[in-house]
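Novice: Before anything else, here's the structure in question.
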Amino acid sequence: MTTFVDRVELHVAAGNGGHGCASVHREKFKPLGGPDGGNGGRGGDVILTVDQSVTTLLEYHHSPHRKATNGKPGEGGNRSGKDGQDLVLPVPDGTVVLDKAGNVLADLVGHGTSYVAAQGGRGGLGNAALASARRKAPGFALLGEPGDLHDIVLELKTVADVALVGYPSAGKSSLISVLSAAKPKIADYPFTTLVPNLGVVTAGSTVYTIADVPGLIPGASQGKGLGLEFLRHVERCSVLVHVLDTATLESDRDPVSDLDVIEEELKQYGGLDRRPRIVVLNKTDVPDGKDLAEMVRPELEARGYRVFEVSAVAHLGLRELSFALADLVAKARAAKPKEEATRIVIRPKAVDDAGFTVTREDEGLFRVRGEKPERWVRQTDFANDEAVGYLADRLNRLGVEEELMKAGARAGDGVAIGPEDNAVVFDWEPSMTAGAEMLGRRGEDHRFEAPRPAAQRRRDKEAEREYDDFEPF
């Protein structure tokens, strides 16, 4: 059974906004007391948050579809709908969020760091909020916006100070088990370690983390073996430790050639050239291993490496190695720039920024793109003529009709508002207010001006009685 997952594809869906309510207040002797429709609630967001207690993405491997709750619709009596509940997804420290194309959307490092993966839709306004001096009793409300739908990729890059790299069965797991309290699986066959192991080491006043990166063999950077799966875990480490096997039973291998092979794979992967390196000659408790270590040590030191002869089994040379790593980690931490508080940058829009664009795509087809026009279209109930007239009025005030005329649009040309895969297309008329004018003067409700049925019936009965009582001379 899979117990460690460091890459998953996640399908996230934010909650939809609730629809606004179109309602008219009614009570005895006052059947049309004015609009009282409430606003719809906001849809819930999907938020990724770093949680130190989470170490794997296994949960999302089994359940890759996650959805926040929708906002509730508004109700009469000026009652607004309830907001949808945000869905908070805990992820391990060091999780990178990417889109399907591989572009980095967020790098989540540090407990509590969060990223909104999908934004909930806005709730629609009720007719009470849409009322104005010109539109006293709107007979419509705005629809709630749909929430975002995204397919994202989560990749885990281990956050550690030191990375142990080397051939399988070189003794990396044994070394991390004696330097820290980690208890990895240890055996004498290749690819024993199938997941990165993480341990905490204390050397004097310095506490640092050390990671065992498994599966590096020739061709690992091109996907051979397990290397490509776990090379990403080396990226965040400040110090690299080459663990070389001095007691290997393979005749075609020796510590120097092993070092060259691993260095070439790290070079092919890229981005690790400037990391400080230490060479550990392991298994020196074996007589042949001790002799081989003494033979290759001068050559390695001539290349500029600091070399340590250790034995994880016999606990030889571990104290010196631990303090040397602590010194390099302390220097790397001191060289990092100090973290500054996040600065809030306000970038106001330009005065002449209309917030939308009009482009001519084909003969007789113009496309309008912009946050406001597209949002207004999504929130319009096209089955309601008054709502369509309200949309036309908003687009006119924004300047869409003027820009269409500048772009050469003529009566009858098609106008698409929104992206190609989800656009509303209509035939443009030079005066966008014509449809709404069919309803009378905008902002007025003829129901207030029409005689009340009950009052009219009373008047009719009174007229009949007067006629019956009339006696001719």
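The values are calculated or read from the model by the stated rules, or taken from the named source; none is laboratory data. Note that the structure is predicted; figures quoted are calculated from it, not measured. So basically every Cβ, Gly included, is an ideal-geometry build from the backbone, and we count neighbours across all protein chains shown. Heavy atoms of the whole protein, side chains included, go into the accessibility calculation; ligands, DNA and RNA do not. Shrake-Rupley method; radii C 1.70, N 1.55, O 1.52, S 1.80 Å.
Novice: In this structure, is Gly33 over 19 Å from the mean Cα position of the chain (by Cα) and in contact (Cβ under 8 Å) with a residue 24 or more places away in the chain?
Specialist: No: the conditions fail for Gly33.
Novice: Somewhere in region 186-195, is a residue on the phi > 0 side of the Ramachandran plot, modelled with pLDDT under 80, touching a Gly at 6+ places or on another chain (Cβ under 8 Å) and open to solvent by less than 20 Å² (accessible area, probe 1.4 Å)?
Specialist: no
Novice: Something else about it: What number of residues within region 32-52 satisfy the criterion of being modelled with pLDDT under 90 and either of a type in the set (D, E, K, R) or open to solvent by 60 Å² or more (accessible area, probe 1.4 Å) (or both)?
Specialist: 1
Novice: Still on this structure: Answer yes or no: is there a residue in region 53-70 that is farther than 30 Å from Arg232 by Cβ, in contact with a helix residue (DSSP H, G or I) (Cβ under 9 Å, 6 or more places away or on another chain) and either outside any strand (DSSP E or B) or open to solvent by 80 Å² or more (accessible area, probe 1.4 Å) (or both).
Specialist: Scanning region 53-70 turns up no residue that is farther than 30 Å from Arg232 by Cβ, in contact with a helix residue (DSSP H, G or I) (Cβ under 9 Å, 6 or more places away or on another chain) and either outside any strand (DSSP E or B) or open to solvent by 80 Å² or more (accessible area, probe 1.4 Å) (or both).
Novice: If you don't mind, there's one more thing I want to ask. What number of residues within region 137-152 satisfy the criterion of being closer than 24 Å to Leu391 by Cβ, in contact with an Asp or Glu (Cβ under 8 Å, 6 or more places away or on another chain) and open to solvent by 20 Å² or more (accessible area, probe 1.4 Å)?
Specialist: Qualifying residue count for the region: 2.
Novice: With of a type in the set (A, V, I, L, M), part of a helix (DSSP H, G or I), surrounded by fewer than 15 Cβ atoms within 10 Å (Cβ to Cβ) and modelled with pLDDT of 85 or more as the only criterion, which of Ala314, Ala324, Ala334, Ala293 stands out?
Specialist: It is Ala334.
Novice: Same structure, new question: Would a scan of region 91-99 turn up a residue that is assigned to a loop (DSSP other than H, G, I, E, B) and either within 17 Å of Leu149 (Cα to Cα) or modelled with pLDDT of 90 or more (or both)?
Specialist: No: region 91-99 contains no residue that is assigned to a loop (DSSP other than H, G, I, E, B) and either within 17 Å of Leu149 (Cα to Cα) or modelled with pLDDT of 90 or more (or both).
Novice: Sticking with this one: For Phe29, work out the one condition from (1) of a type outside the set (S, T, N, Q); (2) in contact with a strand residue (DSSP E or B) (Cβ under 8 Å, 6 or more places away or on another chain); (3) farther than 22 Å from Gly94 by Cα; (4) open to solvent by 50 Å² or more (accessible area, probe 1.4 Å) it doesn't fulfil.
Specialist: Phe29 satisfies all of (1) of a type outside the set (S, T, N, Q); (2) in contact with a strand residue (DSSP E or B) (Cβ under 8 Å, 6 or more places away or on another chain); (3) farther than 22 Å from Gly94 by Cα; (4) open to solvent by 50 Å² or more (accessible area, probe 1.4 Å) except (2).
Novice: Here is a follow-up. Do you know which residues across region 4-30 are more than 30 Å from Ala106 (Cβ to Cβ), in contact (Cβ under 8 Å) with a residue 24 or more places away in the chain and not in a loop (DSSP other than H, G, I, E, B)?
Specialist: Answer for region 4-30, where residues must be more than 30 Å from Ala106 (Cβ to Cβ), in contact (Cβ under 8 Å) with a residue 24 or more places away in the chain and not in a loop (DSSP other than H, G, I, E, B): just Val24.
Novice: Within region 88-136, count every residue that is under 30 Å from Gly34 (Cα atoms) and open to solvent by less than 10 Å² (accessible area, probe 1.4 Å).
Specialist: Count: 4.
Novice: Within the bounds of region 396-417, is there any residue that is surrounded by 14 or more Cβ atoms within 10 Å (Cβ to Cβ) and modelled with pLDDT under 70?
Specialist: No, region 396-417 contains no residue that is surrounded by 14 or more Cβ atoms within 10 Å (Cβ to Cβ) and modelled with pLDDT under 70.
Novice: Got at least one residue in region 261-282 being touching a Lys or Arg at 6+ places or on another chain (Cβ under 9 Å) and loosely packed, with under 12 Cβ neighbours inside 10 Å?
Specialist: Within region 261-282, one or more residues are touching a Lys or Arg at 6+ places or on another chain (Cβ under 9 Å) and loosely packed, with under 12 Cβ neighbours inside 10 Å.
Novice: Further question: Mind checking which residues of region 84-116 are under 11 Å from Leu154 (Cα atoms), among the hydrophobic types (A, V, I, L, M, F, W, C) and in contact (Cβ under 8 Å) with a residue 12 or more places away in the chain?
Specialist: Listed by number, the residues that qualify are Val91, Val96, Val97, Leu98, Leu105, Ala106, Leu108.
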